[in-house]
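Input: a single structure, listed below in structure tokens.
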Amino acid sequence: MTITGTAPQLSDRVLAELTDALGGEYVLTSKTARYNRARVPAPFPVHRWRERVPDLVVLPGSAEQVAEVVRIANVHRIPIVPRDGGTGLTDGAVPERRGIVVDVKRLDDIKEIDLDNRTCTVGTGINMLKLNEVLGAHGLIYPDDPASYPCSLVGGRIGTSGWSLVGSRFGHTRDLVLSFELVLPTGKLIRVGDGGGRKVSKSSSGYQLKHLFMGHQGTLGIATEATLKLYPKPEAEFSPFWAFPDFDSAYRCVGELARAGVATFAGAVLFDEWKVDYLRRDDEAYIPQPADVRALVCAVAYGNDDEVRAGGRRLLRIARDAGARYLGDEISHGDWAARHDRYATPLHGRTPAGQVAPMSWHCEDAAINYTNLPAVRREWHAIVVRLRDKHPIFDDWGMFFYTSADTGVDYLTEIDVGIWEQELDDAAWAAWVDAKRDIAAVALNHGGSISACHGSCREGEVDLVPLELGGGYDVMLQVKRALDPNNIMNPGKYGLQRAYEESP
């Protein structure tokens, strides 16, 4: 086999070194193993798939083995890409320059559950669903709850600085991970956190390095172990669901819910009329609503039974005063429970002409202040409509807006686009990249971010990252060059190759 890196390689020697470090069964070179780890749920130009297939895959079983793999790659100048659950939507785990994919799924052990200090320490290859099955026996939960909850892994959540559906109550990944162990691009193993001890949540000593290594999309290292913050398993859940005749009244309602100060409030989401139309026509995603329903709002509250009852009454009163129609307990609880199942519904879809077709799904997500949501919504839909009119393989699957904190200051704002991926060609892909760039520009023009949870390292939006970060992007380049002098760690992402094209 040939290993394609940034310099000529002695492939037999590299294979021998990796085999010595891991054992032959954990160094995978088959076409199946490599192709399966070049794919993510985001739309992908299938006709160009071969360009992004790794040369080999390794499955280390310990932090020390991860460190040795990285050390070998660094010595031989071979690109290396961490892969956790592979659920990311901005190609963070796709090997743009081939090389070695480090699949961390074997690092899935629970090393400690500290019942008194309410923490657990785990390998980063563990899944939140499986972790909570164990924690539930102790009356505890780890409340990091993405839409991909059943299949994403702790390490991927760190690498993307993930966003949680119930973050308004418990915080997001950056708040819930107290510390983690990280293999740097040179193979050195360090631990970063909020304090000196791995279970400490606050320190004012030195730089806050934990946040530097969160959301880096695998460009600065590989997380191997994490210590997580735990919460009591809620006694009660209340998930009201309301219908509205128009977007504006639903928009006002979700703002009032977010600003109400209900302590058990864990989050609310607003679906616009485009999203409601998509959910009506999809075979599996939703129970159809009457034609007069043009927008939906759902919320969720967690906590002790008496607290949830009191808070729930306030939420119901706010919605009633905003003109909402409560849809009943059955559909409310059923919809919230099905939220995770929908991560797979875009396996099929319908074209604008109504033809059933296998379609992939992509979402552009941004953090947008509440007051700017209506304007961003109008401009984003207009961009996708223009794209769809020119290339009918695209479809607007609507928008939703999720509270990101209990104050309602900004919202995860997402537009979902269905793509008949088998029909993609270079022209359609170029149009899609242009549309993504336009969507990102709208977010920045309205004072938002390019991404609230998935990252922004794909073609299109990545071009605007320096514009969003300003002088901070120059610091990113300096950090990348200092920590990864040979540019082996996920090269090509975030445009960080610029750090090696300019004089230090």
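A count restricted to segment 221-233 and to residues that are touching a helix residue (DSSP H, G or I) at 6+ places or on another chain (Cβ under 9 Å) and surrounded by fewer than 22 Cβ atoms within 10 Å (Cβ to Cβ) stands at 3. Report whether or not residue 459 is surrounded by fewer than 19 Cβ atoms within 10 Å (Cβ to Cβ), under 23 Å from residue 83 (Cα atoms), modelled with pLDDT under 90 and not hydroxyl-bearing (Ser, Thr, Tyr). So residue 459 passes the test.
Of the residues 89, 115, 129, which single one is touching a His at 6+ places or on another chain (Cβ under 8 Å) and modelled with pLDDT under 95? Write out each step before concluding.
Values: 115 fails: modelled with pLDDT under 95; 129 fails: touching a His at 6+ places or on another chain (Cβ under 8 Å).
It is 89.
Of the strands (runs of 3 or more DSSP E) lying entirely inside segment 38-148, those containing at least 1 residues that are of a type in the set (Gly, Ala, Ser) are 119-123.
Can you find a residue that is small (Gly, Ala, Ser), assigned to a loop (DSSP other than H, G, I, E, B) and free of Cβ contacts under 8 Å to residues at least 12 places away in the same chain anywhere in segment 213-235?
So the first thing to find is which residues in segment 213-235 are small (Gly, Ala, Ser), and the list is 215, 218, 221, 223, 226.
Of the ones still in play, those that are also assigned to a loop (DSSP other than H, G, I, E, B) are 215, 218, 221.
If we keep only those that are free of Cβ contacts under 8 Å to residues at least 12 places away in the same chain too, we end up with none.
No, there is no match, as no residue in segment 213-235 is small (Gly, Ala, Ser), assigned to a loop (DSSP other than H, G, I, E, B) and free of Cβ contacts under 8 Å to residues at least 12 places away in the same chain.
Within the set 77, 83, the sole residue that is of a type in the set (D, E, K, R), over 12 Å from residue 218 (Cβ atoms) and either in contact with an Asp or Glu (Cβ under 8 Å, 6 or more places away or on another chain) or surrounded by fewer than 24 Cβ atoms within 10 Å (Cβ to Cβ) (or both) turns out to be 77. The numbered conditions (1) modelled with pLDDT of 95 or more; (2) of a type in the set (S, T, N, Q); (3) in contact with a Leu (Cβ under 9 Å, 6 or more places away or on another chain); (4) surrounded by fewer than 24 Cβ atoms within 10 Å (Cβ to Cβ) are all true for residue 249 except (3).
Please specify each residue of segment 398-452 satisfying the condition of being part of a loop (DSSP other than H, G, I, E, B), over 16 Å from the mean Cα position of the chain (by Cα) and under 9 Å from residue 368 (Cα atoms).
Going through segment 398-452, the residues part of a loop (DSSP other than H, G, I, E, B) turn out to be 404-409, 420, 424-425, 446-452.
Subset that is over 16 Å from the mean Cα position of the chain (by Cα): 405-409, 420, 424-425, 446-448.
409, 446, 447, 448, listed by residue number.
Only one of 139, 99 is small (Gly, Ala, Ser), closer than 23 Å to residue 217 by Cβ and not assigned by TED's automatic domain parsing to the domain that holds residue 360; which? Every option except 99 fails the conditions.
Residue 382 meets all of the listed conditions (1) among the hydrophobic types (A, V, I, L, M, F, W, C); (2) in contact with a strand residue (DSSP E or B) (Cβ under 6 Å, 6 or more places away or on another chain); (3) free of Cβ contacts under 8 Å to residues at least 40 places away in the same chain but one, namely (2).
The values are calculated or read from the model by the stated rules, or taken from the named source; none is laboratory data. Remember, it's a predicted structure, so these values are computed and weren't measured experimentally. Note: ideal-geometry Cβ built from the backbone for every residue, glycine included; neighbour counts use all protein chains shown.
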